[in-house]
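Comments concern the structure below.
Every number here is computed from the coordinates shown, using simple stated rules; none is lab data. Here the structure is a predicted model, which is why all the values come from computation and not from measurement. Counting neighbours? That spans all protein chains shown, and the Cβs are built from the backbone with ideal geometry, glycine included.
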Amino acid sequence: MARLDGYAVLITGASSGIGAALARELATRGARLALCARRVERLAAVARDCRQALVLPADLAEPSAAEGVVRQAHAELGRLDAVVLNAGYGLARTAAETSDAEWQAILRVNLLATAAGLRAAVPLMRAQQPRDGWRGRLVIVSSSLARRAVPDTAAYSATKAAQLALAEAARVELAAERIAVCSVHPVRTETEFFATCERISGRPLSFRRPVPTQSAERVARCIAARLRDPPPEIWPHAPSRWLALAAAACPRLADRVLAGYRR
């Protein structure tokens, strides 16, 4: 197990799913944690599991919330070795059905809060002395759908693709300053994400055939194992990366395959 003793890490979207699993994983590796989410009681429960993690309740849909959380975490922890931008939600809608209000809401949380968190963290990391070769690490939890969108998830997939573009640009821009930027691309993960997505959407998100699935704990272990020296991208389910590349090379074939998954 790669130890992270003394690392100061902020995780957004930490009250459940991948964020909560990552908090618990990093705590076992010795990291000092600041945890952010909307649901205070759930967040406090995760913090108790992590032994004295800092609790920072916030709704990242609010324009200034992400910047405030980053600054508060830095002030309380003394530095930020890593910021994990994980907050987000899903929407089960076709492209033609998605309303302006739904687009604006999902963009605020999934993309704009991610961009704001990055923007707030960079100047703070620039002023830090390097630890293990990096002044700081920005980890953006995207999705395998960033590389290939699937039907009935147009807005969600678009935000994940935008997160990937943000990570790709920032990774090159910040490399010379020794600030690492890494995007994470899980496949379908066993969390409450899909139940929440269906509740928000008012419709099920199901498929005719089985799709690759993994646990939140697996994703968390993959992130934690690479946090000291992050690669450009982390794909916890390695085959999905090659499937996404194949889909990009043969989009017409990918369209036919994905059409067969729709109910």
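Some notes on this structure:
- Since only Q163, V219, V257 are under comparison, the one whose Cα sits farthest along the positive direction of the charge dipole of the chain, derived from C-beta charges on Lys, Arg, Asp and Glu, is V257.
- Inter-site label distance for V40 and R199 at 7 Å from Cα along Cβ, in nm: 1.9 nm
- For the chain, size of Cβ-based charge dipole, Lys and Arg +1, Asp and Glu -1, in debye: 600 debye
- Take 55-63, 18-26, 246-254 and order them by the average number of nearby Cβ atoms within 10 Å per residue, most first; the result is 18-26, 55-63, 246-254.
- S215 paired with L245, simple spin-label distance in nm, labels 7 Å along Cα-to-beta-carbon: 2.9 nm
- Between R48 and A175, the contour length at 0.36 nm per residue exceeds the Cα-Cα span by 42.2 nm.
- Kirkwood's formula applied to the C-alpha pairs of segment 164-263 gives a hydrodynamic radius of 15.9 angstrom.
- Taking only the Cα atoms of the chain, the ratio Rg/Rh comes out at 0.96, with Rh defined as the Kirkwood radius.
- Helix 40-49 vs. the chain, principal-axis angle (Cα, 0 to 90°, nearest 10): 60 degrees
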